[in-house]
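Visitor: Below is a structure I'd like to ask you about.
Where a number appears in this text, it was derived from the coordinates with a stated rule and is not lab data. Here the structure is a predicted model, which means the values were calculated and not measured. In this analysis, Cβ positions are derived from the backbone assuming ideal geometry, glycine residues included, and neighbour counts consider all displayed protein chains.
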Amino acid sequence: MNVCTAADEGNAYKYWSMGSGRVSAIPDARRAIARSTDPQPLGYAASGPTYVLDLLDPAEINKRASIQPPSGDEFENVLVVNGATASKQALVMSMNVKEMMKFKKTFLRKLRTETEGDRDDWERFVVIKVDAREGMSMYPRLLPGATVLIDRHYNSLKPYRKGESNMYAVSKNGSCTVKYVELAGRHLVLRPHNHAYPVEVMAMEEGKSAADYLIGRICYVGIET
């Protein structure tokens, strides 16, 4: 039996689906090349022109594509990635996609944003799976193996709901941790929900703010049993 808990109200439907990237921009790029004013461009043969993209390995193009496959129904594809990818890549390359989940578009659209700094060019939503330690440190809100939806356009410490603490994915040691976050001078206080786990204090680098470390707000939690 699958049991899902949501950090936001709303009807969030999801199901697992495996998929591969589709580079929809390639035909446009080919047409752009074909519009050359040279009547006999380099590589033109009697059978027709040879485009630059024809010389590339299609598998390599798809591997490095950062374009999500289109979603033509009421659901939106959200990429499942690891913590390092979630914390560092504004546009996720398909080579770093583990799988995909689908969320109801109406649920995603109603979530409020609160960005600090330059986040406009970041893919807004990604999903990660938490490991055993991360899951137990936030028990019972999380469990080992839980999937969490990260809103990377919410990297502010401003409470999403009055009187409630936001749960964040935080960049730490090249990956991410999921915790409550408080600011104390030039330090971030990473607080677990489970009091059996220690509070962590992380110093911020010179010139950086809390928003630089907040990957995003956890806005949905899925637990499978």
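Visitor: Name the lysines eligible as straight-distance cross-link partners of LYS208: C-alpha to C-alpha under 26 Å, and not fewer than 8 places from it in the same chain.
Guide: LYS88, LYS158, LYS172, LYS179
Visitor: Could you give the nm distance between label points at VAL201 and GLU164, where each point is 7 Å from its Cα heading toward the beta carbon?
Guide: 3.0 nm
Visitor: Whole Å is fine, so just give me how far the alpha carbon centre of segment 199-224 lies from that of segment 117-179.
Guide: Answer, in whole Å: 7.
Visitor: About the Cα centre of segment 152-225, what is the dipole size in debye to 20, counting +1 per Lys and Arg Cβ and -1 per Asp and Glu Cβ, all else neutral?
Guide: Working: 10 positive and 7 negative charges, 48 e Å.
For segment 152-225, the charge dipole is close to 240 debye.
Visitor: Dividing the convex hull volume of the alpha carbon atoms of segment 168-225 by its residue count, what do you get in Å³ per residue? Before the final figure, lay out the partial values.
Guide: Values: hull volume 5.8 nm³, N = 58.
Cα-based convex hull of segment 168-225, divided per residue, equals 100 Å³.
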